[in-house]
Every structure is written in structure tokens, then in C-alpha cells.
1. Let me have the relative contact order for the chain, percent, based on Cα pairs under 8 Å that are six or more residues apart.
2. Tell me what the chain gives for mean residue ellipticity at 222 nm when only DSSP H runs of n ≥ 4 count, each as -39,500 (n - 2.57), the sum divided by the residue total, rounded to 500 deg cm²/dmol.
3. Sorting check: for 31-43, 251-263, 202-214, which peptide has the highest mean count of neighbouring beta carbons within 10 Å, and how do the rest follow?
4. What are the extents of the Cα atoms of segment 15-271 along their three principal axes, listed from largest to smallest and rounded to whole Å?
Amino acid sequence: MDCGHEPPGILAFVGDLQGRAALISGAGRGIGRALALALARAGADVSVVARSGDQVEAVRAEAASFGVRAVARSFDLGDPEQAAGAVEWACQSLGGLDILVHAAGHQVVAPALEFSLTDWERVLGVHLTSAFVLAQAFGRQARRRVDTATRGSPRDRSIIFVGSLTSERMATAGTVAYNAAKSGLLGLMRTLAVEWAADGIRVNAILPGFFRTEMTKVLEADPAGRELVARAPMGRWGDPEELGALAVLLAGAGGGFLTGASITVDGGWSVA
């Protein structure tokens, strides 16, 4: 065996998403934008949603430049009805969905004793409740669709939740709702992975460390925040684009035996 020779077609096996359709929430900027563009670059048709219509339209145009179908629309995913409506719209626009990526986020910073119930419900609504609503609507449409090429067996489909280090390894002061929501996301992910495996739906989570996005600007401006990031062996912020290849792997045939997994991408921060 020639260990220095790459098996023929392995890159296509891992990364080719042609013929598949994806819905990406929170796709207007940051990690959601990067994942939407990575999936489009790998050949997936994409429906991109976020609160800002201008932002998702810009992402749609960039995704379309890769030669795929790309549609965009503004939804407030903190509203369960709008979250369910996003899946219905994406299915109608692209003829069904094979991939769901939930990257939408919202942050409120306040001490736990002063954290309002309104802010608590809003943060959990965007991060956790919408994850359940989106996944439930996705799962229902997946069960209705049968791939005749496989004689009626379920077609492989993938759900990817974007968590964080606070999902299982740490907590940050002042972000009690965010920490709770990201922790709950893993319980949701594991439950759906168990319940839906027989339906051909794989469910996994990506747990990013410190990535440079709009939500981390406050941390980046704080000396204590910069020191926290520098603790990682790689000693730098992550770039959202560095998560793209992992999302493509989880979404496609290369990740066909991956479900119920939470994969940390943090430059070694959690093991230092």
C-alpha cells in the first residue's frame, strides 16, 4: 500500500454537496455567514435567513456566485412562528431541505441578579427554542420526502447546531441566559440524534472557541478578554471561515457515521 498516495476521489467524497439544499439561520454575518458560503462553495443550494434583510441579501449574492441556487429572506427567529415559517419558505424555495444549520445568536450582558425575564426569554428564544422549532419543522418535512433512488429508504440529512465553549466546558460571568441556552443545545442535539437516526437524520454540534465576530467585539476590546483568548496554545482568535470545512464534512457523505457528536474548535483553549 502506498501511504503517500491519496485515495482517488476522497476530497469529492468529503466535500461534494451538489444536489443538496440547506437552510442556514443567522447567516447575515459572522459564523452563520461563513458556514453558508462554505456549503455553497461545496455545491449546496442555500437558503439564508437572519433578522437583517440587507445582510442576508449580500450573503445570498455571494453564495450565488458559486453557481448554486441561493435565496434569502428576513425572519425573526426569536418568534417560534417565524422560525417554523423559515423552514416552510426554504422548502418551497428549494424544493425541500437536506441540511439545517442553526447559527443565529443574540446576547445580553448583565449580572444574574439583575437579568430580566424578558431578556432571558429573548436569548433562550433565539438560541434554544428556535433550534427546536427549526429542527422539528425540518424533521417533519424530511420524513415526508422519500428518495426513490434508494427504494424508499431515508435519504441522509444533517442538522448542525452551533454551540460554544459555554455548552460544556466553561461559563462567562454576565451571560447567564447565553450560557444556559448553549448548554441546553447539547441536550437537544443528543436527543434528536437518538430519536431521528432511523429516519436518516444526523444531528451534531460545532462548539467554536473564541472567533472574531460582531458578538465578540466587546470581549476583544477588554484587556481581560484578550488575555482569556491568548490562553489558547495557538494564541489567536479564530476566523469564522476556519469552521467551513467542518460544516461541509458534517453536512455531507464524509460525515455519514457522525451523529450525536459535539466537536470543539478552539485552537486548543479547552485542553491548555
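Each value in this text was obtained by applying a stated rule to the coordinates, not by laboratory testing. Please read these numbers as outputs of a predicted model, since none were measured by experiment. For neighbour counting, all protein chains shown are included, and Cβ atoms are generated from backbone atoms with ideal geometry for every residue, glycine included.
1. Once divided by the residue count of the chain, the mean separation gives 20 percent.
2. Only helices count here, giving -12000 deg cm²/dmol.
3. 31-43, 202-214, 251-263
4. 57, 38, 37
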